[in-house]
There are 4 protein chains.
Amino acid sequence: MAGNTFGQNFTITTFGESHGKAVGVILDGCPPLVEISVEEIQMELNRRRPGQSKVSTPRDEADAVEIYSGIFEGKTTGTPIMMMVFNKTQMSRDYDAVKDLFRPGHADFTYFSKYGIRDHRGGGRSSARETIGRVCAGAIAKKILAQSGIKIIAYVTQVGPHKAEKRDLSVIEDNIIRTCDLDASVKMEEYILEASEAGDSVGAIVEVVVEGVPVGVGEPVFDRLNALLAHAILSIPAVKGIEFGSGFEAALMRGSEHNDEVTKYGFLSNNAGGTLGGMASSQDIVFRFVVKPASSITVPKKGIDLYGNEKIVITEGRHDPCVAPRVVPVAEAMTAITVVDMIMADKASAKYFDKK
Amino acid sequence: MAGNTFGQNFTITTFGESHGKAVGVILDGCPPLVEISVEEIQMELNRRRPGQSKVSTPRDEADAVEIYSGIFEGKTTGTPIMMMVFNKTQMSRDYDAVKDLFRPGHADFTYFSKYGIRDHRGGGRSSARETIGRVCAGAIAKKILAQSGIKIIAYVTQVGPHKAEKRDLSVIEDNIIRTCDLDASVKMEEYILEASEAGDSVGAIVEVVVEGVPVGVGEPVFDRLNALLAHAILSIPAVKGIEFGSGFEAALMRGSEHNDEVTKYGFLSNNAGGTLGGMASSQDIVFRFVVKPASSITVPKKGIDLYGNEKIVITEGRHDPCVAPRVVPVAEAMTAITVVDMIMADKASAKYFDKK
Amino acid sequence: MAGNTFGQNFTITTFGESHGKAVGVILDGCPPLVEISVEEIQMELNRRRPGQSKVSTPRDEADAVEIYSGIFEGKTTGTPIMMMVFNKTQMSRDYDAVKDLFRPGHADFTYFSKYGIRDHRGGGRSSARETIGRVCAGAIAKKILAQSGIKIIAYVTQVGPHKAEKRDLSVIEDNIIRTCDLDASVKMEEYILEASEAGDSVGAIVEVVVEGVPVGVGEPVFDRLNALLAHAILSIPAVKGIEFGSGFEAALMRGSEHNDEVTKYGFLSNNAGGTLGGMASSQDIVFRFVVKPASSITVPKKGIDLYGNEKIVITEGRHDPCVAPRVVPVAEAMTAITVVDMIMADKASAKYFDKK
Amino acid sequence: MAGNTFGQNFTITTFGESHGKAVGVILDGCPPLVEISVEEIQMELNRRRPGQSKVSTPRDEADAVEIYSGIFEGKTTGTPIMMMVFNKTQMSRDYDAVKDLFRPGHADFTYFSKYGIRDHRGGGRSSARETIGRVCAGAIAKKILAQSGIKIIAYVTQVGPHKAEKRDLSVIEDNIIRTCDLDASVKMEEYILEASEAGDSVGAIVEVVVEGVPVGVGEPVFDRLNALLAHAILSIPAVKGIEFGSGFEAALMRGSEHNDEVTKYGFLSNNAGGTLGGMASSQDIVFRFVVKPASSITVPKKGIDLYGNEKIVITEGRHDPCVAPRVVPVAEAMTAITVVDMIMADKASAKYFDKK
C-alpha cells in the first residue's frame, strides 16, 4: 500500500490536497446496520474545523460533509462509505510568495524530493486538511464503539509550560483549549494568544483515554494494540512522540513500583496504560502525545528555495498558533478507527470461531 | 494478518514460544545477491543473547542460528529466508510454581483471555525470546543498508536517574550497559546490580540514530517513516513510549525555536528528528524510547490465579534486572527492517518507475 | 481489507452503488509525473458506457468522469487520485417491482444474507456499474505501460456458438461486438439481437493479449502473474472461468507438445501463455475468459422473495443482452492495473536494490 | 508482500527450496483450541508424497512433518504454527547435467532473469515441493471446516482424452489416479504409463466441490470467493485454467438456461458454481482446473543455456508422468485455506459485530 490507507479490516483511505477540489475518505469494512446520520459526522467535523475559536486559524470554513455511498436510509450497508468535503476557500494567492520556497518545518522539501513535482498551493497532500477524512470515518467508528460501551475521550493536558492540574472531563468542550482544567485553560489561552500576536506558535500535550475495550483486544507481537495506536497517532501531522501509562517516567521506576498489582476487585494501578503483552487488560487505555508548535509562523526564518538559494521565509496566511485543540478530535478519530479495527481482528481470528 | 508479520515489501514473520522447540523467522522480500554469512547473523544474535554480562539474566544460552532456506553459496536468492534457533535450556520446572498464576505485569492474563488456552511455561509467545527472529532478519537488513551507506546505531542514554552526559558512540560495545558515556556506565551498572540484589528491576531509555537515509524515504500520511518506526519500536516487549527529535520537549518550545532552519550548507538544527511530513529530510533520524522495568521480579506482589483467587506472586527464575542493554540490538534490527522496507516502497512507487 | 481494494503497491479502492449518488475510485500508489488528461480517461470510459450500440443496454448515460485529487497541471503527483462519475439516470421506479424479490442469477440473495440490509434499487454495490472506477484507474495504468512499451488488447473471440476465425486486431473498435473478425461479428450481432428480442441474453468468450512485459515480472509462489490476473479477471461481474495459453486444451496434450521450445531467436510456441513459474517469460501474456449470459432477462424464471414465497421473476429494465463488448475495456483495465502493480513489486524487491 | 504469503486473516507463508535443507510453512491467524495431531497432518502429506504409486515419481520420500510452534498439548494456541519437512533425498548430482541449461517449460529462465542468481539443483523455489507447506496448513484448515460441517473434496475428472463418466466420490482414494470413476481409472492409468514409458507426461483436469459454506461468505467486488479461489488454485504449479459451475460452457448458454431458478426447496440447478455476486449462495461451490503435462520429460527438446547457446535438453531424474493425482490434496489444501480465510473475513466485518 502506498501510505494513504490505514487499517486491516476496518480501513480508511484518504484523498485530497489542501488546495485541490476536495478532501475525503473511503471507509471500507464498516459493519452493516450501523445507524449514522450526516449530522453526527458533521458534529465531529465541526470540532476540527478552522475558525472555531480565537486560538485556531481565522480561516472560517464550513467543511460540510457529503456522503456518496455505503449508507442507505440512515444505516451503513457494509459497502464502502465515501465521504467528502469540498474545499471552499482556495486562497491560493496567499501561497504565491512561497511558490519556490521550501518553508522550514514543512514537508515541501521532502515531497518535492520524493515525487519530483511541486504543488505549491499550501501543504498540498501534507496539509493537516487531509485529516478531515479521518474525522469523518472516526465519527462512524465512535458510534460503533459507543454501541458496545466503549468510550474515547481526548483532551489537552499541557500547553507550553501550563499543565492541567485537574482531570475534569466534563469541561473539555466548554473551553476553547479542550483541556480538562478550566483554571489552566485561562493560562493556556493567554499563552497561545501571546505567541500568536508575536506571529509564533506553541507546542502542547494531549491525553487520550479509552474506556471499555474488551480484554484480549490487540494482536500478538507486531500488532500490539499500543504499537498500532502509536502508528495511528504518529501519523497525525505535528505529532512527535507518544507514551502509554507511566510512559517515560517508567525509566525512573522499579519493577516493584511499575508492575500493576491485581486483586479480585481489579487492578490497583495503571502504569501499563491498559495493555499487557499488547492486548487490552480491561483497564482504561491511557496514552499521551506531544504536538510540536505549528511550522507556519511569521517569525522570519532561514530557508532555501528550489534552486538552493538562501531565503528568509515568513509563512503568511491564516494559521493555527496551537493546533492541539483541533488535533483532539483527530486523535479521537484515529483511536476509534484503530480500536474498531482491532476488535474486528479479534473477532476474525480468536476463539469465537465456531460461534457464528 | 494476525499480528506476527511486519513490513510490506521486506516482511518478517516470526514464530515460536519461549519453551517450545524453537524460535525463528521467515524473511520474505529480501533482495537477491546480498552477501551474508551465518557468522554475521550470529554476531548480532550474540549481542542480544542471555548470559552475556552480569547485568543480564544468568541463563547462558548459545542461541545458535541455523539457516534453512533462501541463501545459496553465501548470497540471498530473493526467496524466503528461514532462520531458526532451537530452545536449548528448557527449565520448565521453574514455571510450575506459577502454573495457575497471572503474574503482575505479564501477558499471562491477556493471552489466556484472548485465546482461552494457557501455555504456562514462561511467557510462551509473549516472551522476549520472540525477538530472536527479529535480530536475525535485522542482521540482513543492516547489511543491505550498510552497502548503501546507511548506518544504524542504538545505545542506552538513561538507566533510572543516571543519564549519559556524553555521546561517545565509540564506547557503546565497550561497556555492558551499551551506553555512550563510560563514566555514566559505572553508575548505571551499580544501580542495576543494587536493584538486582533486591530482586527488583529498573527502567531505562534508549536512543537510536540512523544516518544516511535518502531524502524522501517514507510514505505520505499513514505510513510516515516516524509512524512506522513507532509501530516497529512499540512492538518490542517492555517499550512504553517513543519520541522523535526534540520529542516531548516540543511542548515547551515555540515554532520559532522548533522549526529547523536551512542554509545552503544544510540544516542548522534537528528538532524534527530527521523527517518532514513523515519523509526523511537528509538529516539523521533520531528517536528515543523508554523501556519499563522488567516484570519478572522476586519482590512479592499481589496477583490473582486462573480461578480469581488472590495470590502473592514472586517470579522466580533467572531474569534481566534491566533489559535495555539487550534491547539495543533488537531496536537496531527493527529500525533496519523498517528502513529497508520503506526504501523498497519508495523504489516501487516513486519517480524512478521508468528507469529500471 | 474488506474486498473493495485491489493491488499491493498500485492499489485501487472503488466505491458507489448503481443507484446511489456516484461511483468512483481512489487510485493510490500511482507513480508521479505521469502525464494524463481527463479526456484520455473519458475515452476509456466511453468504451464501457451504456447505450453505445444496439447490442448494449439502451440506457444512455454520459458517465462523465471528474478528477478530485492527485493530478496537478496535467501530471500525477504521486498522491491518491480520486475519480468519480455521478449517477445521472436513477430510474429507481424500474426496481419497485423487484423490491422484495431475489432475482435468479443476481447477488440480491447473498448480499442480503451477508449484510442483513437490502438496497433494492438495482444491483446496488454488486452492479457492474462498479467497474467504472476500474476503467478510470486502468486508463492511467495503460498510459504508464504504454510509456514502457507494454500494450494490452482485449477482444471478443466467441459469442454463443459463433467463433472468431481470424485474429485481425485492427478491426476490434470497428465493430460493435469488439471481435477480431468482421465476418464473425455479423453473425455474433444477429445472434445477440435475436436473443435480445426474446428477452434473453447470451454468453461469450474474451481473449486478452499483453505484449512487452519485462522478463521476471510476477512474484514467486502465491503471487504468480497468472494467479493475480486470474484474481483480477474473476473479480469482474459475470466472469466464470479463465485459461492461460493452451488452457484447458492442455489436458489433451503431452509434455513433449506443451513444453515451449526455445532457440536463440526466441520461443517456438506459446502454450504456456507467457509465464514460466508465474513470471513473465518475454512471450506475450495470453489468456481467455468466459462471460456468462447476463442475469437480467425478461424470460420468466422461478425465484423467491424475502419471505420465502415462490415468485415468477421477470427483470424489466434496460439491460445488456451480451455484456462482452462492454467487458472488454474492463478486462483491459484490470489487466493493466495488475501488470503495473507487479512491475512495481518487481522494482521494490528485485536485484535493482542498490541501483537507485 | 513478496509473494510467499497467502491469505488475509488465516495466512500461510511458505519457505524452502527443493534441494535446500527443508521446506515448510508458518500458518498465522489460526484460531486457538483446534484439536490437531501430527498424524492428521501427516496423513494429508502422505497423499501428496512422491513414490506413492506407479503413476507418480519413483522418488520415495517419507516427507515426515515436524511441528515447531503454535500447538500445545494437542491444541492450537492461536500463535503461529511452524511446520517443516526436511529434504532427505538430495540427489543433486541428477542436476549437474542441467546446471547451465534453461529447461523448456521450467521456471529456470524467469527466476534467473528476475533474481540474477541460479540455484541449479532442481526447481529450487519453483519446485512443486514448495506445496508441502500448503498441505500441512491445509490439513488444519480442513479440520476447522469439518468442525463447522464444511467438506472439501477434489478428484481427477479427465486424463488426456479419458473422462470420468461417473461421480462416485467414494472410490477416489481407492484408485491411484484419484478419479471418481473406477472404470475410467483403468484407462487413465494405462494412458499415463504409456506416456511415462515414452519419457513423456500428460495433462489432466481436476474438479473440486465444497459443501456447506455458509451463505454470504466471500467479500464483495475484488475478493469474491471465486476470485480468491482462482488466485489460490492458479498459484499451484502447472495449473493453467479454472472454471466455476458451467464454466466455459456458459459461452454457449442463454440467460434463461444459465440463471439458476430457486424454489422454496432450494436451487434447481447450479450453473453458477455456488456463488452469486462472489458470495456463497448455499449451493455447493464447484470448480474445475486444468493441470498441464509436467515439464520434466526425457523427450529431447530445444532449449538454450545461460550463455544463449542452443542445446537439446533432456530432463533426467525421477519425475511424475501425470501430476494430477498428487495435485488433488494440494488443491484441497488451498481451497480449505481460502474458505477458512473468507469465513474469518466474514466474521470480522459482517453483521455479527456486536454479538461477540
Practice problem: Answer yes or no: is there a residue in region B:88-100 that is within 30 Å of B:Phe244 (Cβ to Cβ) and surrounded by fewer than 21 Cβ atoms within 10 Å (Cβ to Cβ). | Solution: no
Practice problem: Working only within region D:189-199, note down all residues that are surrounded by 20 or more Cβ atoms within 10 Å (Cβ to Cβ) and not small (Gly, Ala, Ser). | Solution: D:Glu189, D:Tyr191, D:Ile192
Quiz item: Going through region B:254-274 one residue at a time, which ones are of a type in the set (Asp, Glu) and open to solvent by 50 Å² or more (accessible area, probe 1.4 Å)?
Solution: B:Glu257
Quiz item: Out of (1) under 19 Å from the mean Cα position of the chain (by Cα); (2) closer than 23 Å to B:Leu229 by Cβ; (3) not small (Gly, Ala, Ser), the odd one out for B:Cys30 is which?
Solution: (1)
Self-check item: Complete set of residues in region B:1-40 that are more than 7 Å from every other protein chain (Cβ to nearest Cβ), assigned to a loop (DSSP other than H, G, I, E, B) and buried (at least 23 other Cβ atoms within 10 Å of the Cβ)
Solution: B:Gly7, B:Phe10, B:Cys30
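Does region C:149-188 hold any residues that are farther than 20 Å from C:Asn46 by Cα, open to solvent by 40 Å² or more (accessible area, probe 1.4 Å) and outside any strand (DSSP E or B), and which are they?
Looking only at region C:149-188, we keep the residues that are farther than 20 Å from C:Asn46 by Cα, and these are C:149-150, C:157-168, C:181-188.
With open to solvent by 40 Å² or more (accessible area, probe 1.4 Å) added as a condition, the list becomes C:149, C:161-163, C:165-168, C:182-183, C:186-187.
Passing the criteria: C:Gly149, C:Pro161, C:Glu165, C:Lys166, C:Arg167, C:Asp168, C:Leu182, C:Asp183, C:Val186, C:Lys187.
B:Pro237: facing chain A (nearest Cβ under 7 Å), in contact with a helix residue (DSSP H, G or I) (Cβ under 8 Å, 6 or more places away or on another chain) and on the phi < 0 side of the Ramachandran plot, yes or no? Walk me through how you get there before you give the answer.
Values: facing chain A (nearest Cβ under 7 Å): no; in contact with a helix residue (DSSP H, G or I) (Cβ under 8 Å, 6 or more places away or on another chain): yes; on the phi < 0 side of the Ramachandran plot: yes.
No.
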Exercise. Keeping to region D:156-180, report how many residues are of a type in the set (Ser, Thr, Tyr), within 14 Å of another protein chain (Cβ to nearest Cβ) and without any contact (Cβ under 8 Å) to a residue 40 or more places away in the chain.
Key: 1
Practice problem: Mind listing whichever residues of region A:113-130 are farther than 11 Å from B:Gly216 by Cα, facing chain B (nearest Cβ under 9 Å) and in a helix (DSSP H, G or I)? | Solution: A:Arg125, A:Ser126, A:Glu130
Exercise. Quick one: D:Gly277 ticks every box in (1) open to solvent by less than 10 Å² (accessible area, probe 1.4 Å); (2) within 29 Å of C:Ala2 (Cβ to Cβ) except a single one, so which number is it?
Key: (1)
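For region C:181-191, does any single residue satisfy the condition of being over 18 Å from C:Glu332 (Cα atoms), small (Gly, Ala, Ser) and in contact (Cβ under 8 Å) with a residue 60 or more places away in the chain? So that I can check it myself, show each step before the final result.
So the first thing to find is which residues in region C:181-191 are over 18 Å from C:Glu332 (Cα atoms), and the list is C:181-191.
Now drop any that are not small (Gly, Ala, Ser), which leaves C:184-185.
This time we only want the ones that are in contact (Cβ under 8 Å) with a residue 60 or more places away in the chain, so: none.
Checked against the condition, which is being over 18 Å from C:Glu332 (Cα atoms), small (Gly, Ala, Ser) and in contact (Cβ under 8 Å) with a residue 60 or more places away in the chain, region C:181-191 yields no hits at all.
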Quiz item: Can you pull out the residues in region A:71-80 that are facing chain C (nearest Cβ under 7 Å) and within 24 Å of the chain's Cα centre (by Cα)?
Solution: A:Pro80
Exercise. Please enumerate the residues belonging to region D:168-192 that are closer than 26 Å to D:Val299 by Cβ and touching a helix residue (DSSP H, G or I) at 6+ places or on another chain (Cβ under 7 Å).
Key: D:Ile176, D:Ile177, D:Arg178, D:Thr179
Quiz prompt | All positions within region B:223-249 that are touching a His at 6+ places or on another chain (Cβ under 8 Å) and open to solvent by 10 Å² or more (accessible area, probe 1.4 Å) | solution = B:Leu228, B:His231, B:Ser246
Quiz prompt | Sole exception among (1) at pLDDT 95 or above; (2) touching an Asp or Glu at 6+ places or on another chain (Cβ under 8 Å) for C:Ser148, by number | solution = (1)
Quiz item: Which one of these does B:Thr110 not meet: (1) assigned to a loop (DSSP other than H, G, I, E, B); (2) closer than 30 Å to A:Gly274 by Cβ?
Solution: (1)
Practice problem: Collect the residues in region A:46-69 that are more than 14 Å from chain C (Cβ to nearest Cβ), closer than 21 Å to C:Gly20 by Cβ and surrounded by 20 or more Cβ atoms within 10 Å (Cβ to Cβ), keeping them in residue-number order. | Solution: none
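Could you check region B:193-208 and list, in sequence order, the residues that are assigned to a helix (DSSP H, G or I) and touching a helix residue (DSSP H, G or I) at 6+ places or on another chain (Cβ under 9 Å)?
Filtering region B:193-208 for residues assigned to a helix (DSSP H, G or I) gives B:193-197.
Selection gives B:Ala195 alone.
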Quiz item: Scanning region D:313-329 for residues that are more than 10 Å from chain C (Cβ to nearest Cβ) and closer than 13 Å to D:Val98 by Cα, which turns out least open to solvent (accessible area, probe 1.4 Å)?
Solution: D:Gly317
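Name every residue in region B:200-222 that is at the interface with chain A (Cβ under 7 Å from one of its Cβ atoms) and open to solvent by 10 Å² or more (accessible area, probe 1.4 Å), in order of residue number. Outline the logic, then answer.
Restricting attention to region B:200-222, the residues satisfying the condition of being at the interface with chain A (Cβ under 7 Å from one of its Cβ atoms) are B:200-205, B:215-216, B:219-222.
Within region B:200-222, B:Asp200, B:Ile205, B:Val215 meet the criteria.
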Quiz item: From the set of residues in region A:120-145 that are open to solvent by 30 Å² or more (accessible area, probe 1.4 Å) and either acidic (Asp, Glu) or modelled with pLDDT of 95 or more (or both), which is nearest to the chain's Cα centre (by Cα)?
Solution: A:Lys142
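Every residue, every condition in (1) crowded, with 24+ Cβ neighbours inside 10 Å; (2) modelled with pLDDT of 90 or more; (3) touching a strand residue (DSSP E or B) at 6+ places or on another chain (Cβ under 6 Å), yes or no:
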{"site": "B:Gly308", "(1), (2), (3)": "no, no, no"}
{"site": "B:Thr335", "(1), (2), (3)": "yes, yes, yes"}
{"site": "B:Met344", "(1), (2), (3)": "yes, yes, no"}
{"site": "B:Lys355", "(1), (2), (3)": "no, no, no"}
Practice problem: Residue by residue through region B:70-80, note down the ones that are buried (at least 23 other Cβ atoms within 10 Å of the Cβ) and on the phi > 0 side of the Ramachandran plot. | Solution: B:Gly70, B:Gly78
Practice problem: State whether one or more residues within region D:280-295 are crowded, with 24+ Cβ neighbours inside 10 Å, over 28 Å from D:Met43 (Cβ atoms), at pLDDT 95 or above and among the small types (Gly, Ala, Ser). | Solution: yes
Practice problem: Give region B:250-307 a look and list any residue that's among the charged types (D, E, K, R) and facing chain A (nearest Cβ under 7 Å), or say none. | Solution: B:Arg254, B:Asp260, B:Glu261, B:Lys264, B:Lys292, B:Lys301, B:Lys302
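The values are calculated or read from the model by the stated rules, or taken from the named source; none is laboratory data. Worth saying up front: this structure is predicted, and the values here are computed from it rather than measured. Cβ atoms come from the backbone with ideal geometry, glycine included; neighbour counts cover every protein chain shown. In case anyone asks, the SASA skips ligands and DNA or RNA and just uses the protein heavy atoms, side chains included. Shrake-Rupley method; radii C 1.70, N 1.55, O 1.52, S 1.80 Å.
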